[in-house]
1. Please go through region 184-202 and pick out each residue that is modelled with pLDDT of 95 or more and touching a Ser or Thr at 6+ places or on another chain (Cβ under 7 Å).
2. Could you tell me which numbered condition Lys174 fails, if it satisfies all but one of (1) part of a loop (DSSP other than H, G, I, E, B); (2) modelled with pLDDT of 95 or more; (3) not aliphatic (A, V, I, L, M)?
3. Scan Ile149, Ile139 and give me the residue that is modelled with pLDDT under 95 and crowded, with 20+ Cβ neighbours inside 10 Å.
4. Taking the residues in region 118-136 that are buried (at least 22 other Cβ atoms within 10 Å of the Cβ) and part of a helix (DSSP H, G or I) as candidates, determine which candidate is modelled with the highest pLDDT.
5. Identify all residues within region 2-16 that are at negative phi and either touching a helix residue (DSSP H, G or I) at 6+ places or on another chain (Cβ under 8 Å) or touching a residue at least 60 places away in the same chain (Cβ under 8 Å) (or both); write none if there are none.
6. Only residues that are within 20 Å of Phe49 (Cβ to Cβ) and either free of Cβ contacts under 8 Å to residues at least 24 places away in the same chain or not in a loop (DSSP other than H, G, I, E, B) (or both): list them for region 76-104, please.
7. Among the residues of region 18-39, which ones are over 14 Å from Lys219 (Cα atoms) and either crowded, with 17+ Cβ neighbours inside 10 Å or within 10 Å of the chain's Cα centre (by Cα) (or both)?
8. Among (1) at pLDDT below 95; (2) buried (at least 18 other Cβ atoms within 10 Å of the Cβ); (3) at negative phi, which single condition is Thr154 missing?
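The values are calculated or read from the model by the stated rules, or taken from the named source; none is laboratory data. Keep in mind that what you see is a predicted model, and the values were worked out from it rather than measured. Cβ: placed from backbone, ideal geometry, glycine included. Neighbour counts: every protein chain shown.
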Amino acid sequence: MIMIISDVHCRYSVVNRQIEHARRISNSKISAVVVTGDLGLFAYNLRKFFIKENKRFKVPLFFVEGNHEDFDRIDDLIEDYGEYFTYLPRGTVHNIDGFGILSLGGASYMDILLTPEASEIKDEDIDRSLKNNKDTVDIIITHDCPSGIGVPKTKGMEYYGETGFMRSSELVDKFKPRFWFFGHHHKWFEHHINNTGFYGLAECWRGYYLLDKGFKLNKVVNEIEIDTESILKKIKKILKL
């Protein structure tokens, strides 16, 4: 059984708390966690959790990058902390617990002040994704949502235009995935087109999805109280905004 979670924003301990919660309510083994972006790749937070506090994720964790990562150092951070989690590069397919997962990190609809240019989804990312064999893909994992599925605009950011990223429909047309999971918009969302289910996730401290054999999907809302303002201030300080 896979846990799918999003927008951790450096709250690594919350991931472990959600894993424990999932174990209790499902009475099943959680084989892996897949994070749909914004894990929070910042040196200070990674070092504090993994080195100073000597903590680990309770199960193997896989992630795509979001838009709130330290893109100036992201390659070094992925290499330095690679023993603790696995990065899923853009446009690559991975078999996780029997599911073929196409990964595509980055974003398009975004907060301009907190989003580095390096996080943008580009044509080359879509082209790389489309080169994969359609028969190898069951699920697509992205940070931003695909366009045209009705994800509401974020309040206060209506000026940024419609939600979603360019050419996402090409991925749907080719792969016809069973599920497409995304985060970024910090809200629960569900929509179906033909045989594809599109599922948006809220932040990790608000819940997760459980995906079991036979494509059995269960949404779990589990609110964990945290101080969201402090982590935002830390990210702004790290990015020198």
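1. Residue satisfying the conditions is Leu201 alone.
2. (1)
3. Working: Ile139 fails: modelled with pLDDT under 95.
Just a single option satisfies the conditions, and that option is Ile149.
4. Across region 118-136, the extreme among qualifying residues is Ser129.
5. Our first condition is that a residue be at negative phi; within region 2-16, this holds for 2-6, 8, 11-16.
Correct list: Ile2, Met3, Ile4, Ile5, Ser6, Val8, Arg11, Tyr12, Ser13, Val14, Val15.
6. Asp76, Leu77, Ile78, Glu79, Asp80, Gly82, Glu83, Thr86, Tyr87
7. Ile30, Ala32, Val33, Val34, Val35, Thr36, Gly37, Asp38, Leu39, listed by residue number.
8. In the conditions (1) at pLDDT below 95; (2) buried (at least 18 other Cβ atoms within 10 Å of the Cβ); (3) at negative phi, Thr154 misses (2) alone.
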